1. Going through E48, E121 one at a time, which residue ends up being farther than 24 Å from G305 by Cβ, acidic (D, E) and at pLDDT below 75?
2. For region 209-228, what are the residues that are over 12 Å from L242 (Cα atoms) and of a type in the set (V, I, T)?
3. Taking L23, is it farther than 18 Å from R4 by Cβ, at pLDDT below 85 and surrounded by 11 or more Cβ atoms within 10 Å (Cβ to Cβ)?
4. Could you please find all residues in region 239-261 being without any contact (Cβ under 8 Å) to a residue 40 or more places away in the chain and either of a type in the set (D, E, K, R) or in contact with a Ser or Thr (Cβ under 9 Å, 6 or more places away or on another chain) (or both)?
5. Restricting to region 258-310, count the residues that are aliphatic (A, V, I, L, M), in contact with a His (Cβ under 9 Å, 6 or more places away or on another chain) and closer than 29 Å to A96 by Cβ.
6. Does A342 qualify as being touching a strand residue (DSSP E or B) at 6+ places or on another chain (Cβ under 9 Å) and of a type outside the set (D, E)?
7. Name, by its number, the condition in (1) farther than 15 Å from G177 by Cα; (2) modelled with pLDDT of 95 or more that does not hold for P287.
8. Pairs, please: C-beta under 8 Å, at least 6 apart or cross-chain, first residue farther than 20 Å from V206 by Cβ and in region 216-229, second hydroxyl-bearing (S, T, Y) and surrounded by fewer than 15 Cβ atoms within 10 Å (Cβ to Cβ)?
Amino acid sequence: MIGRPRQRDIARLAGVSQTTVSLALNGKTADYGINPETEQKIMAAARELGYVPNVTARALRGGRNNLLGVHAFEPLFPTSRESYYEEILVGIEQAAIRAGQDLVLFTSIHQHAGRASVFHEGRNRLRIADGAVILGFDEHDDELARLAAEGYTFVFVGRRDKASALGPYVGAAYVDGVADVTRRIHELGHRRVAYLGLNDRLEPRVERHQGFRLTADELGMDVVDERWSAGEAIDGPWLRRLVGSGATALLVESSAQLERVGAECAAAGIGVPDQLSVVGLDSITDPAATTREWSHLRVPRRGMGARAVEVLLEVLHGERELTHHELLTCTFEPGRTLAPPARGA
């Protein structure tokens, strides 16, 4: 046979109608009273001919094809062990394998004209998948609104105020996690603290700071300084001023900042945690690459990816509402950089 085998070829070989072949290949024989012997004959003919279903056509007709999309508005693949997306992608893959689903990766960054977009020439490019997990820091809430209006099922990884009104999401409980860290610091005896954040102020950073500030105020802790910097403002003079002002603990948003703080403390002769306890508020994905056993918050990124796939399938199967929102618990890793303040501090 020349060319790709089609359903009519299967029908001819099995001696049945093309309609019966279509029902069998789509798993609907029981619904239409087709006996198992006929179904087996059809499937044997399909295997003999090497038939591969056109999943794109099936999806466009509104059928299910066991394909789940993964879409981001920015590069996904890790370029370092500190990649934000690495653990999320691992979780997505593991959950898809457990559920017997295939994954399709969609990217928008190849579109050079204008900003990245789900839609190309007016068409929803995600349609070949039954539904999609969508992630990314960049705000594209207008596109999410359009997907929701079209009735396309998606689950967003992370929590954003606008996106939360459009469909399900799975995120991390940053506010509660950082509140727990702040209480631990207080319980050890720290009363004067400082906070170092990133200056992009994306929603996860805002939520971390919110958890810190609300809890510090509730406990009556004295916040001697708050600084937003990716690194250039983290230096010895600043750290010496913190210690000189009586600060005994510093909360740091990112693992990259932790390493900078550690290096500057060493250069300035500031002992960690003897003179200054330092606690990270994000996961450390590669502890072997760090210079210290940092005390830090672990964000359940792998769990977020896996749960997003599970929620997506639950919505597709009618087991979850489109209003379902879920935040996963962050846990604390004690490490060796948090200790009670020195006497007299």
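1. Details: E48 fails: at pLDDT below 75.
None of the other options fit; the residue is E121.
2. T215
3. Working: farther than 18 Å from R4 by Cβ: yes; at pLDDT below 85: yes; surrounded by 11 or more Cβ atoms within 10 Å (Cβ to Cβ): yes.
So L23 passes the test.
4. Initial filter on region 239-261 (without any contact (Cβ under 8 Å) to a residue 40 or more places away in the chain): 239-241, 243-244, 258-260.
Passing the criteria: R240, R241, L258, E259, R260.
5. Narrowing region 258-310 to residues aliphatic (A, V, I, L, M): 258, 261, 263, 266-268, 270, 272, 276, 278-279, 281, 284, 288-289, 297, 299, 304, 306, 308-309.
Filter again for in contact with a His (Cβ under 9 Å, 6 or more places away or on another chain), leaving 258, 279, 281, 284.
This time we only want the ones that are closer than 29 Å to A96 by Cβ, so: 284.
Qualifying residue count, region 258-310: 1.
6. Working: touching a strand residue (DSSP E or B) at 6+ places or on another chain (Cβ under 9 Å): no; of a type outside the set (D, E): yes.
Answer is no for this residue.
7. (2)
8. V224/S245
The values are calculated or read from the model by the stated rules, or taken from the named source; none is laboratory data. Not measured: the values here are computed from a predicted model. Neighbour counts run over all protein chains shown; Cβ positions are idealised from the backbone, glycine included.
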